[in-house]
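To start, the structure under review is shown below, and the notes come after it.
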Amino acid sequence: VTLKRYVTGFPAEDDMEVVAATARLAVPPGSAAAVVKNLYLSCDPYMRGRMSRHDEASYVPDFVPGEVLTTFGVSKVVESGHPGYKPGDLVWGMTGCEEYTLVTNPETLFRISHPEFPLSYYTGVLGMPGLTAYVGFFDVAKPKKGEYVFVSAASGAVGQLVGQLAKITGCYVVGSAGSDEKVNLLKTKFGFDNAFNYKKEHDLNAALKRCFPEGIDIYFENVGGAMLDAVLLNMRLRGRVSMCGLISQYNLEEPEGVRNLFCVVAKRIRMEGFIVMDYFGTYGKFEEEMAGYLKEGKITYVEDVVEGIENTPAALIGLFHGRNVGKQLVAVARE
Ligand code: NDP
């Protein structure tokens, strides 16, 4: 799957191209590279940023028109020049949106220590989005038992896990999502105390007041825009906003302004952004803890699996229209 052209505004399927090409990938003699077979590919909102050209470097490079997109994926090593990997090893990490990839720096890959779970979980609950939920909630928001927590895009890959981690911590949790089906999932499957469909609310401030008569201690921010403005009005003194993402802004040519920023001053709010990659060094500890929660049934997980690499562009674009129910990923091969 390649990028056809740089994108402005909402991405379309034909901004990408599914190219049939045959190449014999092999580890160059003497190199520490590895050839992997990609089993599952992740579709993530941050990939939208990479589809535009930026003058200043960001935390991830822009995609290049004509070149294969890269993404987090679950892969099987088929050939290795790296002493740490052998054929058959299961890994997750940055790979190409293609069937096989020559990974030049296999040390960036993570080993899969719990193959007893569905391997696709390593694109989500046991992979990058899981770690995002974990560090964004515990390290950034620093929750305490009994606090009031609000999560936006709450049924998605990150949001569903933040809500459940908040329940494990003993917090009161409310989520917002963009359909009644998703709201139902939040309440019945993920154990949120309350939830609302933001697309059906005329007044987000009133919706938040209804759900949090005593205010919000922690906001896990996934969407930005009007929701952030309404949340700021409802934050409690010394509340924390964990700035994870702003998906409502990713396709706008002019980002919306935040009108209620003075609430941050008046209420002594701490707003802190984070990038999950800074926490990759803590992955092993996270993997063990999350695997434990899954085994004990304390965390449940919903994913939206699209079959076939040729459906990657549609799956990726669907994120920006809320078509995914749970973590969006593409199944390329089963083994
Ligand atoms: P999701 O699985 O939540 O999928 C995206 C969801 O966002 C959609 O399903 C949709 O749900 C919602 N959405 C789309 N457009 C809008 C809009 N205009 N307004 C409100 N909601 C919208 O994605 P992830 O869980 O993977 O990512 C969630 C957030 O976390 C994103 O902002 C992402 O960029 C960020 N992130 C940040 C990381 C970091 O290191 N800081 C790492 C990983 C993710 P709905 O139907 O509810 O509208």
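The values are calculated or read from the model by the stated rules, or taken from the named source; none is laboratory data. Please read these numbers as outputs of a predicted model, since none were measured by experiment. Here Cβ is always computed from backbone atoms with ideal geometry, including for glycine, and neighbour counts include all displayed protein chains.
General observations
- In region 128-164, the residue that is nearest to residue 204 (Cα to Cα) out of those that are more than 9 Å from the ligand (Cβ to nearest atom) and part of a loop (DSSP other than H, G, I, E, B) is 147.
- Only one entry of 299, 275 meets the criterion of being in contact with a helix residue (DSSP H, G or I) (Cβ under 6 Å, 6 or more places away or on another chain), more than 26 Å from residue 88 (Cα to Cα) and within 16 Å of the ligand (Cβ to nearest atom), and that entry is 299.
- Condition check for residue 294: within 11 Å of the ligand (Cβ to nearest atom) and either within 23 Å of residue 115 (Cα to Cα) or not assigned by TED's automatic domain parsing to the domain that holds residue 165 (or both): no
- The set of residues in region 112-152 that are out of contact with any strand residue (DSSP E or B) (no Cβ under 7 Å at 6 or more places or on another chain), of a type in the set (Gly, Ala, Ser) and closer than 25 Å to residue 92 by Cα comprises 113, 130, 133.
- Segments classed as helices (runs of 4 or more DSSP H), wholly inside region 172-245, with at least 3 members that are away from the ligand (no atom under 14 Å from the Cβ): 204-211, 226-234
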